[in-house]
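Reviewing the structure listed below.
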Number of protein chains: 2
Amino acid sequence: MDYDVIIIGGGPGGYIAAERLAHAGKKVCVAEQDTVGGTCLNVGCIPTKSLLNSAKLYRHALESEKFGVSVQGVSANWETMQAWKAQTVTTLVGGVLQLLKRGKVDVRNAHASLVGPGKVRVGDEELSCEHVIVATGSVPVMPPIPGAQDNPAVVDSTGLLEISELPKRLVIIGGGVIGVEFASIFGALGTEVHVIEMLPEIVPFMDDELGSLLRSAIPGVTFHLGCQVTEIKGSTVVFSDPEGKTNTLEADVVLMAVGRKPATEGWGANEAGLELDRRGVRVDDTMRTNLPNVWAVGDVTGRSLLAHAAYRMGEIAAAHIIDGAKAKADGQVLREECIPWAVYSLPEAAGVGLTEAQLADQGIEPVTVTVPLVLSGRFVAENGVKEPGAVKLIAEAKSRVIRGIHMVGNYAPETIWGAAATLEQELSIDDLRQVIFPHPTVSEGIREAAWAIAD
Amino acid sequence: MDYDVIIIGGGPGGYIAAERLAHAGKKVCVAEQDTVGGTCLNVGCIPTKSLLNSAKLYRHALESEKFGVSVQGVSANWETMQAWKAQTVTTLVGGVLQLLKRGKVDVRNAHASLVGPGKVRVGDEELSCEHVIVATGSVPVMPPIPGAQDNPAVVDSTGLLEISELPKRLVIIGGGVIGVEFASIFGALGTEVHVIEMLPEIVPFMDDELGSLLRSAIPGVTFHLGCQVTEIKGSTVVFSDPEGKTNTLEADVVLMAVGRKPATEGWGANEAGLELDRRGVRVDDTMRTNLPNVWAVGDVTGRSLLAHAAYRMGEIAAAHIIDGAKAKADGQVLREECIPWAVYSLPEAAGVGLTEAQLADQGIEPVTVTVPLVLSGRFVAENGVKEPGAVKLIAEAKSRVIRGIHMVGNYAPETIWGAAATLEQELSIDDLRQVIFPHPTVSEGIREAAWAIAD
């Protein structure tokens with residue numbers, strides 16, 4: 001036996017599983033054909049957060065006169081922003097490698113394929129192991145829009161991160177998290193940005209009421225909802241609006257951000273007999289696939305395409321591999337409704353749990369409340385009273401157990417883990433009312449919501 | 001009977017109690033001799049947060065070159081900062097008044113005294129009521145240092161908030177929260193700041209290890225620990241250092257920030273027979289005093305001198321007045337160990353629960369871990385790897401129940417309510433490990449700590 005565990009893919013799901021397993025004394029190999037850290041660290045969450053921070057500082061410099069800070073001659077230097085971003089990514093990739101090295105994990109920079117239970121081809125070698133964890137991630141969806149393929153004006157998110165200068169006009173196809181984050185970054189830096197979204201609202205996992213608020217709160221971006229792109233002619237994007245009228249937009253760059261899909265191809269899933277379902281590799285809530293001792297975690301399962309969900313899935317698989325009985329006793333299962341999400345735009349948004357519509361769809365009567373963040377003293381001190389921001393709380397009317405907390409406003413991503421813990425612990429509105437929030441914080445909006453909801 | 005409840009003092013404890021009682025249909029009077037909102041809103045948390053935000057924007061403008069934002073000619077306009085601060089306070093005071101008006105609470109702008117159970121003198125009138133809530137707050141301590149009284153160079157925090165121009169040299173006596181926040185604000189704006197603290201470390205409710213980290217992380221401020229001020233001669237502060245040597249510091253302004261004490265005088269406590277203890281008005285954990293139907297909440301109890309603790313105490317008293325049996329069944333008591341605290345400096349700090357030393361003092365074997373925030377991708381993206389920041393987690397070694405979470409780093413105050421909920425729910429390290437934190441956030445430092453602690 002070459003290894004206790006071989007992990008295909010060194011992104012968040014793969015590297016965390018490797019670290020946890022190594023910590024428990026397992027002999028682990030991670031096969032990664034590209035750079036460890038995966039999409040998130042190399043071309044996703046981390047580089048965008050770095051650029052967003054630069055964009056935020058740029059807006060601050062432009063807009064801080066009323067707060068008593070005067071500046072002359074503000075300019076955005078795209079090249080420096082890119083350099084800081086690159087340095088951040090390099091640092092963090094180094095951190096992941098160090099983490100794996102400390103655990104004596106073999107990191108193999110090679111393509112890997114699942115041959116069958118206990119067998120993985122890594123590069124030219126066939127290696128044996130007790131367990132396999134598949135963590136191959138996801139790839140951007142490229143819809144078959146005429147003129148989109150091989151069009152130098154059209155890029156995916158990875159391509160947009162690498163552009164050499166700020167575009168004057170950016171058209172983004174897709175108003176999900178990726179589309180909205182890039183819209184916000186480039187809009188803040190002065191690019192004219194248009195977002196074309198097929199659905200009636202942006203960011204589908206966000207409660208519609210707050211989705212609409214977020215949309216109106218992002219300055220400098222025009223949203224075209226319920227619109228479908230029919231063709232891209234050179235740098236002209238052609239789309240039909242909800243009335244069926246045809247419109248066009250000129251762009252220097254077109255970002256294709258209609259979504260990502262599990263990377264289920266090219267690594268032997270089919271040949272090995274691994275079952276897929278409509279989301280991705282089929283797993284139960286402990287990350288077991290249909291094959292014995294073959295596990296799948298992260299984007300490839302389609303359960304969630306968020307890095308932190310991949311972390312958790314990696315941990316769950318690792319826990320069951322290390323000690324199945326203990327993992328079962330400890331309740332090591334994925335609770336999808338407790339996975340928070342964040343949109344790193346200006347302003348930010350975050351949430352966890354169901355939307356009002358989703359709770360009603362489950363046949364449960366909801367009780368909800370939406371409170372404006374101007375109830376928070378810190379929010380007013382930092383933004384004034386005209387800045388949009390709100391918290392929506394969604395609970396079961398009968399049991400009063402909280403099922404969703406959604407938020408638009410600065411600091412939301414840093415605050416929302418408490419909401420995830422609240423849902424994880426199945427707290428009721430009345431339990432949450434007893435939690436003491438520090439004053440003055442924007443997080444107090446959640447507390448205000450708990451008190452504002454009907455008794 | 002004139003009212004169901006008369007509340008002496010319209011600060012955070014008083015106005016929240018009034019709102020909750022009014023919401024339950026009680027006829028309520030709030031007597032406030034000054035402006036509603038209390039110390040926190042008028043001369044404490046809110047104005048300092050407004051100024052801190054300005055100071056932060058000023059530092060951002062000065063330091064964002066490496067993030068790709070170039071500016072020329074940055075200047076801090078103190079007058080504009082003060083104007084924004086004043087506008088913020090006015091807005092929020094208006095909000096509190098509106099809240100009370102909506103609840104049909106009688107707000108009387110008058111001095112009030114407790115006459116006895118069910119009797120309060122408000123201005124010239126003696127009013128009757130079923131319950132009295134005492135919420136008179138606290139006052140700054142003015143230690144008997146020779147030369148401090150009637151010295152125009154010496155101010156308290158209220159005085160410092162009103163100064164007409166930025167001082168060149170500021171000496172702060174006291175390294176608690178108030179001292180540290182003002183040090184950070186003025187230090188960031190270019191004032192030469194010295195903090196003189198008697199104790200061996202700043203911010204006593206913070207774990208020493210992080211206190212030391214915070215101290216080293218605040219730029220532009222010199223801390224003199226273990227030092228005692230012996231005299232103030234004009235604008236010269238004389239103090240002895242731990243070796244007993246005498247030192248002097250010249251200042252334009254001296255801030256006296258050695259602490260605050262419960263305002264137990266001047267409103268009839270003694271005459272009415274209200275018992276005090278060494279902290280303030282003696283209350284049980286439901287806010288009951290020794291007198292029937294007389295309750296005390298907030299700073300005057302000395303249980304905690306934080307606005308959000310006052311909120312909670314106000315709510316607890318209100319819950320017991322509204323329906324004692326239900327409040328008892330719901331566990332409406334003050335859990336002092338679940339009161340979070342925050343230091344709004346640059347960088348920020350926050351925490352909840354015990355320090356390592358406090359847990360050991362309880363005779364419980366602690367298990368602790370301290371992790372640096374450079375483990376957080378967002379922290380690195382926004383600060384680089386040299387910025388100080390850490391999370392310390394303190395748990396019981398045997399039960400693994402978490403008893404303290406302390407943090408230094410940006411966003412700490414917005415993140416810490418989740419830690420308060422964690423302590424409130426008595427989660428163990430292993431429970432916390434199952435909570436999903438959004439990635440990438442600085443809050444993930446807490447998750448990293450939960451995983452880094454010994455198994």
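Identify, from the list B:Ala24, B:Ala18, the residue that is surrounded by fewer than 23 Cβ atoms within 10 Å (Cβ to Cβ), within 23 Å of A:Gln434 (Cβ to Cβ) and outside the structural domain of B:Gly190 (by TED's automatic domain parsing). Of B:Ala24, B:Ala18, the one residue that is surrounded by fewer than 23 Cβ atoms within 10 Å (Cβ to Cβ), within 23 Å of A:Gln434 (Cβ to Cβ) and outside the structural domain of B:Gly190 (by TED's automatic domain parsing) is B:Ala24. Taken over the stretch A:375-396, the criterion of being closer than 29 Å to A:Ala357 by Cα, modelled with pLDDT of 95 or more and assigned to a helix (DSSP H, G or I) is satisfied by A:Phe379 alone. Residue-level check: of (1) surrounded by fewer than 22 Cβ atoms within 10 Å (Cβ to Cβ); (2) touching a Ser or Thr at 6+ places or on another chain (Cβ under 8 Å), A:Thr88 misses just (1). Residues of the stretch B:205-249 that are within 23 Å of B:Ala188 (Cα to Cα), surrounded by fewer than 19 Cβ atoms within 10 Å (Cβ to Cβ), modelled with pLDDT under 95 and not small (Gly, Ala, Ser): B:Pro219 alone.
Taken over the stretch A:235-254, residues that are among the hydrophobic types (A, V, I, L, M, F, W, C) and either farther than 24 Å from A:Thr158 by Cβ or in contact with a Phe, Trp or Tyr (Cβ under 8 Å, 6 or more places away or on another chain) (or both) amount to 2. If the condition is being in contact (Cβ under 8 Å) with a residue 60 or more places away in the chain and either among the hydroxyl-bearing types (Ser, Thr, Tyr) or surrounded by fewer than 13 Cβ atoms within 10 Å (Cβ to Cβ) (or both), then the stretch A:124-141 contributes A:Ser128, A:Thr136, A:Ser138. Filtered by the rule that a residue be among the hydroxyl-bearing types (Ser, Thr, Tyr) and either in a strand (DSSP E or B) or over 21 Å from B:Pro140 (Cβ atoms) (or both), the stretch B:244-273 gives B:Thr246, B:Thr248.
For the stretch B:298-339, filtering for residues that are under 20 Å from B:Pro140 (Cβ atoms) and among the hydrophobic types (A, V, I, L, M, F, W, C) leaves 6.
Restricting attention to the stretch A:44-65, the residues that are over 21 Å from A:Ser157 (Cβ atoms) and either within 7 Å of chain B (Cβ to nearest Cβ) or crowded, with 24+ Cβ neighbours inside 10 Å (or both) add up to 4. The one condition from (1) of a type in the set (A, V, I, L, M); (2) more than 7 Å from chain A (Cβ to nearest Cβ); (3) touching a Leu at 6+ places or on another chain (Cβ under 8 Å) that B:Ala83 does not meet is (3).
When the stretch A:274-331 is filtered for residues that are of a type in the set (S, T, N, Q) and either within 23 Å of A:Pro413 (Cα to Cα) or in a helix (DSSP H, G or I) (or both), the ones remaining, listed by number, are A:Thr301, A:Ser304.
In the stretch A:280-304, which residue that is within 27 Å of B:Arg378 (Cα to Cα) and surrounded by fewer than 23 Cβ atoms within 10 Å (Cβ to Cβ) is farthest from the other protein chains (Cβ to nearest Cβ)? So the residue we want is A:Gly302.
A quick yes/no check of all residues on (1) under 23 Å from B:Pro204 (Cβ atoms); (2) in a loop (DSSP other than H, G, I, E, B):
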residue: B:Gly159; (1), (2): no, no
residue: B:Pro167; (1), (2): no, yes
residue: B:Gly175; (1), (2): yes, yes
residue: B:Gly187; (1), (2): yes, no
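Out of curiosity, is B:Asp430 charged (D, E, K, R), at the interface with chain A (Cβ under 10 Å from one of its Cβ atoms), over 30 Å from A:Leu52 (Cα atoms) and free of Cβ contacts under 8 Å to residues at least 60 places away in the same chain? For B:Asp430, the condition - charged (D, E, K, R), at the interface with chain A (Cβ under 10 Å from one of its Cβ atoms), over 30 Å from A:Leu52 (Cα atoms) and free of Cβ contacts under 8 Å to residues at least 60 places away in the same chain - is met. Within the stretch A:347-372, count every residue that is within 14 Å of chain B (Cβ to nearest Cβ) and assigned to a loop (DSSP other than H, G, I, E, B). Residues in the stretch A:347-372 being within 14 Å of chain B (Cβ to nearest Cβ) and assigned to a loop (DSSP other than H, G, I, E, B): 2 in total. A single member of B:Ala263, B:Ala309, B:Ala257 is more than 17 Å from B:Gly174 (Cα to Cα), touching a strand residue (DSSP E or B) at 6+ places or on another chain (Cβ under 7 Å) and surrounded by 14 or more Cβ atoms within 10 Å (Cβ to Cβ), and it is B:Ala263. Report whether or not B:Asp455 is facing chain A (nearest Cβ under 9 Å), over 26 Å from B:Ala310 (Cα atoms) and assigned to a helix (DSSP H, G or I). No: the conditions fail for B:Asp455. Tell me which residues, restricted to the stretch B:181-215, are within 15 Å of the chain's Cα centre (by Cα) and under 16 Å from B:Val254 (Cβ atoms). Once the filter is applied, which keeps residues that are within 15 Å of the chain's Cα centre (by Cα) and under 16 Å from B:Val254 (Cβ atoms), the stretch B:181-215 yields only B:Phe182.
Annotation: of all residues in the stretch B:373-391 being free of Cβ contacts under 8 Å to residues at least 24 places away in the same chain and crowded, with 18+ Cβ neighbours inside 10 Å, the one that is nearest to the other protein chains (Cβ to nearest Cβ) is B:Val380.
Taken over the stretch B:1-52, the criterion of being among the charged types (D, E, K, R) and over 30 Å from B:Val180 (Cα atoms) is satisfied by B:Asp2, B:Asp4, B:Glu19, B:Arg20, B:Lys26, B:Lys27. Filtering the stretch B:66-80 for residues that are at positive phi and either touching a Gly at 6+ places or on another chain (Cβ under 6 Å) or crowded, with 24+ Cβ neighbours inside 10 Å (or both) leaves a non-empty set.
Just a yes or no: is a residue in the stretch B:336-344 over 30 Å from B:Leu52 (Cα atoms), out of contact with any Leu (no Cβ under 8 Å at 6 or more places or on another chain) and of a type outside the set (S, T, N, Q)? No, that holds for no residue.
Among the residues making up the stretch B:314-346, those that are crowded, with 19+ Cβ neighbours inside 10 Å, more than 10 Å from chain A (Cβ to nearest Cβ) and among the small types (Gly, Ala, Ser) are B:Gly314, B:Ala317, B:Ala318, B:Ala327, B:Ser345. If the condition is being among the β-branched types (Val, Ile, Thr) and either over 30 Å from B:Gln87 (Cα atoms) or touching a His at 6+ places or on another chain (Cβ under 6 Å) (or both), then the stretch A:38-86 contributes A:Thr39, A:Val43, A:Ile46, A:Thr48, A:Thr80. Each residue in the stretch A:158-175 was checked for being over 20 Å from A:Ala76 (Cβ atoms) and crowded, with 22+ Cβ neighbours inside 10 Å, and 4 of them qualify. Residues in the stretch B:255-294 that are β-branched (Val, Ile, Thr) and in contact with a Phe, Trp or Tyr (Cβ under 9 Å, 6 or more places away or on another chain): 3 in all. Among residues of the stretch B:405-427 being of a type in the set (S, T, N, Q) and at the interface with chain A (Cβ under 8 Å from one of its Cβ atoms), the one that is surrounded by the fewest Cβ atoms within 10 Å (Cβ to Cβ) is B:Gln425.
The values are calculated or read from the model by the stated rules, or taken from the named source; none is laboratory data. Keep in mind it's a predicted model, so treat the numbers as computed, not measured. When we count neighbours, we look across all protein chains shown, and the Cβ atoms used for this are built from the backbone with ideal geometry, even at glycine.
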